[in-house]
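Here's the structure, in structure tokens; my notes come after.
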Amino acid sequence: MEISPDRPALIHNDTKKAGNMAKLSLYTKDYVVFDLETTGLSPGKDEIIEISGIKVQDGKAMAEYSTLVHPGCPIPCEATNINGITDEMVQDAPRLKEALENFLTFVGNAVLVGHNIHSFDMKFLQAGAGRELNRTLSNDYVDTLYLARTLLSLTRFRLTDVASYFHLETEGAHRALNDCRMNYQCYEAMGKLCQKLSEAGTAGQMTTVCPKCGSLLVRRKGKYGEFWGCGSFPKCRYTQS
């Protein structure tokens, strides 16, 4: 994915247009930050038990959506130990078809933003939308995990680690709406860093997305001259001349 050299590589101000889904490593002012809680880690075997989202326009939170979801099966104690959601809490909650249909109506064509959604939440959304609604998502999305790896110097990149870096409250983590609120603040804070990089001219060096992990490639100098290296180094060691 090439980013036009006449615009800052880390800033994206256009609203989402309908089309094929794409993973972005950018800051955009209009989006829906979302989070899921599930019964486990497998989109094919496990179920969504909570869906939350915050609609953001011009960087400001405008509306919230949140619902528990009845999974149609007992919630494993391992999941309850993480997110605190019990069978009793979801007994009167809507089933996934209704909850997901309402959530996708709330989202519309907006860019989706979330933490570790490339490997987790987007797969659950796609699996659920295909199974329950017979549809495929086409929303572009930004995984703040990859953006944080590009922008921040941390040893771990959990959402709570990123929030702590920006001195944000982390109490209530692992409930979907709390995580949305936390990540909204993190993404806006990273957006300000993107703006500073853009104004300083640094962002002009970051023009290509790593084909392996989706982070931005950064121009570096090595023993044999300049090359492009993944901004997630050393986690990802992709390079190109």
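Just a few scattered comments:
- Listed by first and then second residue, the pairs linking a residue in region 76-100 that is at positive phi to a residue that is open to solvent by less than 20 Å² (accessible area, probe 1.4 Å), with Cβ atoms under 6 Å apart and 6 or more places separating them unless they lie on different chains, form an empty list.
- The set of residues from region 131-145 being without any contact (Cβ under 8 Å) to a residue 60 or more places away in the chain and under 15 Å from the mean Cα position of the chain (by Cα) comprises Thr144, Leu145.
- Meets criteria (under 20 Å from Thr39 (Cβ atoms), of a type in the set (S, T, N, Q) and open to solvent by less than 40 Å² (accessible area, probe 1.4 Å)) for Asn83: yes
- Remark: pairs (first residue in region 146-172, within 18 Å of Phe120 (Cα to Cα); second residue open to solvent by less than 70 Å² (accessible area, probe 1.4 Å) and of a type in the set (Lys, Arg); Cβ separation under 6 Å; 6+ apart in sequence or on different chains) = Phe157/Arg149.
One line per residue, one yes/no per condition, for (1) part of a loop (DSSP other than H, G, I, E, B); (2) buried (at least 20 other Cβ atoms within 10 Å of the Cβ); (3) over 20 Å from the mean Cα position of the chain (by Cα); (4) modelled with pLDDT of 95 or more:
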{"position": "Asp14", "(1), (2), (3), (4)": "yes, no, no, no"}
{"position": "Leu41", "(1), (2), (3), (4)": "yes, no, no, yes"}
{"position": "Gly53", "(1), (2), (3), (4)": "no, yes, no, yes"}
{"position": "Ala63", "(1), (2), (3), (4)": "no, no, no, yes"}
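- Residue that is nearest to Ala176 (Cα to Cα), among those in region 92-131 that are in a loop (DSSP other than H, G, I, E, B) and open to solvent by less than 40 Å² (accessible area, probe 1.4 Å): His115
- Consider region 142-164 and keep the residues that are of a type in the set (Ser, Thr, Tyr) and modelled with pLDDT under 95. The one that is nearest to Phe34 (Cα to Cα) is Tyr146.
- Candidate set: region 132-148, residues that are in a loop (DSSP other than H, G, I, E, B) and hydroxyl-bearing (Ser, Thr, Tyr); chosen: the one most open to solvent (accessible area, probe 1.4 Å): Thr136
- Qualifying positions in region 20-39 - outside any loop (DSSP other than H, G, I, E, B) and buried (at least 20 other Cβ atoms within 10 Å of the Cβ): Leu24, Tyr27, Thr28, Tyr31, Val32, Val33, Phe34, Asp35, Leu36, Glu37, Thr38
Matching residues to (1) outside any helix (DSSP H, G or I); (2) touching a helix residue (DSSP H, G or I) at 6+ places or on another chain (Cβ under 9 Å); (3) open to solvent by 50 Å² or more (accessible area, probe 1.4 Å):
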{"site": "Phe157", "(1), (2), (3)": "yes, yes, no"}
{"site": "Thr160", "(1), (2), (3)": "no, yes, no"}
{"site": "Ser164", "(1), (2), (3)": "no, no, yes"}
{"site": "His167", "(1), (2), (3)": "yes, no, yes"}
{"site": "Leu177", "(1), (2), (3)": "no, no, no"}
{"site": "Met190", "(1), (2), (3)": "no, yes, no"}
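The values are calculated or read from the model by the stated rules, or taken from the named source; none is laboratory data. Here the structure is a predicted model, which is why all the values come from computation and not from measurement. Here the Cβ is made from the backbone with ideal geometry for all residues, glycine too, and neighbour counts use every protein chain on show. Surface areas here come from the heavy atoms of the whole protein model, side chains and all, with no ligands, DNA or RNA. Shrake-Rupley method; radii C 1.70, N 1.55, O 1.52, S 1.80 Å.
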